[in-house]
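Here is the structure we will look at.
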Amino acid sequence: MAIESVDAYLDSHKDAFEDQLKAFLRIPSISAQPAHNADTLRAAEFVRDDLIAMGCAAELIATKGHPLVYAERNDAPGRPTLLIYGHYDVQPPEPMEPWLSPPFEPTVRDGNIYARGATDDKGQMLTHLKALEAWLKTAGTLPVNVKVLIEGEEEVGGASLEAYVAEHPDRLACDYAVISDSSQFAPGMPAITYGLKGLAYFEIVLRGAKIDLHSGTFGGAVANPCNALSVILASLKGPDGRIQIPGFYDAVRPLEDWERAAFAKLPFSEAEFQASVGAPSLEGEAGYTTLERKWARPTCDVNGIYGGYQGPGPKTVLPCTAGAKLSFRLVPDQDPKTIAELFRKHVEVVCPRGVVIEKFIDHHGAPAVLVNVETPGVRAAVKAIEAGFGKAPFFIREGGSIPVVGLLKQQLGVDTLLLGWGQNDDNLHGPNEKFSLADFHRGIKTSAHFLAELAKA
Ligand code: BES
Ligand code: ZN
């Protein structure tokens, strides 16, 4: 039986797979930092070369930014076609000080591999490549048709991929996409994610006087952009945790009773969650539970504030500019463009006199997604997870965003299977990012079985 040979290959190649993961993680492919452009290219080449080594004709596709890696095999005429998506770029590792081992020197502690990109997304993405390898090295062929599309700009908004999908819908045509770039519900509780939030990200810069001024001589007579920025930011949310931009909730699809009941049945402890994040209390929109807030209600967070004197000791200055980066996480059916217009109008209305809005930058947006779970593809994924993890998956939503999922739905009409192998405490985007090696191998096995199950679907 083909699948038995595949399983045997996986068992005998665990060390080799871990060595390859380490080699991949040593490449600092930080897409946001131009100083790392050569490294980011090396990560793309690593993926391409791995695909070629297992027998997939893979190529780099040049873009205005970091290249895409693409490969396909049409081994199974008449059977489904699966698009495997992942990203080889990583977030910046800064701040460096809290890392217990350097971010690009992968280190194993307690069964976890620690490195930037371990879970997001190099480790998770590699699970699918190793599953393909196991099939090709044993059966010599894949049980379904496969297209592999790996991008290098996911962490910076994915503009190049967006353009490519719009221009090449025929090349990417498929029945399902699969992405492993999310998390399990909890350790030992694998999950299929059927909902992700969207994103609308902005930066605003206010200007007052033409230069910084003495805060005694000029204070009280000239508006202060830092004060004005605080007024704007404080206007965004009310004491009930609701966003106060007129029209913001108009398109929000309300949570349905069945879904609230399903969330409430999940084994989730608010107290344990609070302890795990170390916050003095849990806060959010009134009338909703933590899981509802995290997964299915829109949110607003200031991601950074700048302006004025930041050095040691006091400085009595009245700064001439101030800025903030902030983002809204969106839910179905909010449109990022509409939110941008509503937000801009709101800022103009509440902006105090005496300062001007020098910059209003709309950084990037993505719509939220809900995936149909009543499909043969999802049923195949359930069986594969049972084979790989020994347990049936929970069905969950998540608060993160994976812009390509909405893109594939809009441009190609394709549903994505979000099969995350990570854990909620993997520290993605933060210091000491990690990925469980046991979950790495379970993910590979699940992916290998998924190809077989999809062939039957
Ligand atoms: N892997 C994450 C998305 C994710 C995180 C999904 C947690 C589910 C749970 C992805 O790489 C990511 O970080 N995406 C960005 C998107 C943005 C840069 C457009 C995000 O969510 O901030
Ligand atoms: Zn990420």
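The values are calculated or read from the model by the stated rules, or taken from the named source; none is laboratory data. No experiment lies behind these values; they were computed from the predicted model shown. Ideal geometry is used to build each Cβ from the backbone, glycine not excepted, and the neighbour counts take in all protein chains shown.
Quick notes
- Of the criteria (1) buried (at least 24 other Cβ atoms within 10 Å of the Cβ); (2) within 11 Å of ligand 1 (Cβ to nearest atom), which one F435 fails: (2)
- Of all residues assigned to the range 201-223, none qualifies as being within 16 Å of ligand 1 (Cβ to nearest atom), in contact (Cβ under 8 Å) with a residue 40 or more places away in the chain and small (G, A, S).
- Test result for T416, in a strand (DSSP E or B), touching a residue at least 24 places away in the same chain (Cβ under 8 Å), among the polar types (S, T, N, Q) and farther than 16 Å from V108 by Cα: yes
- Out of Y9, Y70, sole residue that is modelled with pLDDT of 95 or more, under 28 Å from S436 (Cβ atoms) and aromatic (F, W, Y): Y9
- Qualifying residues in the range 30-43 (those that are among the aliphatic types (A, V, I, L, M) and in contact with an Asp or Glu (Cβ under 9 Å, 6 or more places away or on another chain)) - the one surrounded by the most Cβ atoms within 10 Å (Cβ to Cβ): A43
- Put simply, of G78, G86, G65 the only residue that is surrounded by 16 or more Cβ atoms within 10 Å (Cβ to Cβ) and either without any contact (Cβ under 8 Å) to a residue 40 or more places away in the chain or within 16 Å of ligand 2 (Cβ to nearest atom) (or both) is G86.
- Flag for P102 being over 23 Å from V178 (Cβ atoms) and within 16 Å of ligand 2 (Cβ to nearest atom): no
- Residues being away from ligand 1 (no atom under 16 Å from the Cβ) and not hydroxyl-bearing (S, T, Y) are entirely absent from the range 393-408.
- Residue check, V231 of a type in the set (A, V, I, L, M, F, W, C), under 26 Å from F328 (Cβ atoms) and at pLDDT 95 or above: yes
- Matching residues in the range 73-102 - criterion: being over 30 Å from A452 (Cβ atoms) and assigned to a strand (DSSP E or B): V90
- Test result for E105, closer than 30 Å to V165 by Cβ and either modelled with pLDDT of 95 or more or not in a loop (DSSP other than H, G, I, E, B) (or both): no
- Hits in the range 255-271 (condition: without any contact (Cβ under 8 Å) to a residue 12 or more places away in the chain and either within 24 Å of the chain's Cα centre (by Cα) or closer than 16 Å to F394 by Cβ (or both)): W258, A261, K265, S269
- One residue stands out in the range 420-432 among those that are polar (S, T, N, Q) and on the phi < 0 side of the Ramachandran plot: the one that is surrounded by the fewest Cβ atoms within 10 Å (Cβ to Cβ), namely N424.
- E453 within 16 Å of ligand 2 (Cβ to nearest atom), of a type in the set (D, E) and crowded, with 17+ Cβ neighbours inside 10 Å: no
- Those residues of the range 392-409 which are in a helix (DSSP H, G or I) and within 9 Å of the chain's Cα centre (by Cα), in sequence order: P403
Residues are listed down the side, and each one gets a yes or a no for (1) crowded, with 22+ Cβ neighbours inside 10 Å; (2) under 18 Å from the mean Cα position of the chain (by Cα); (3) within 17 Å of V378 (Cβ to Cβ):
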position: R171; (1), (2), (3): no, no, no
position: Y176; (1), (2), (3): yes, no, yes
position: S180; (1), (2), (3): yes, yes, yes
position: S183; (1), (2), (3): yes, yes, no
position: G188; (1), (2), (3): no, no, no
position: G195; (1), (2), (3): no, yes, yes
position: G198; (1), (2), (3): yes, yes, no
position: E203; (1), (2), (3): no, no, no
position: G208; (1), (2), (3): yes, no, no
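- The range 121-156, subset within 16 Å of ligand 2 (Cβ to nearest atom), part of a helix (DSSP H, G or I) and not β-branched (V, I, T), residue surrounded by the fewest Cβ atoms within 10 Å (Cβ to Cβ): E155
- Residue that is surrounded by the most Cβ atoms within 10 Å (Cβ to Cβ), among those in the range 157-169 that are within 16 Å of ligand 2 (Cβ to nearest atom) and assigned to a loop (DSSP other than H, G, I, E, B): G158
- Any chance K359 is under 30 Å from A166 (Cβ atoms), away from ligand 1 (no atom under 16 Å from the Cβ) and over 25 Å from the mean Cα position of the chain (by Cα): yes
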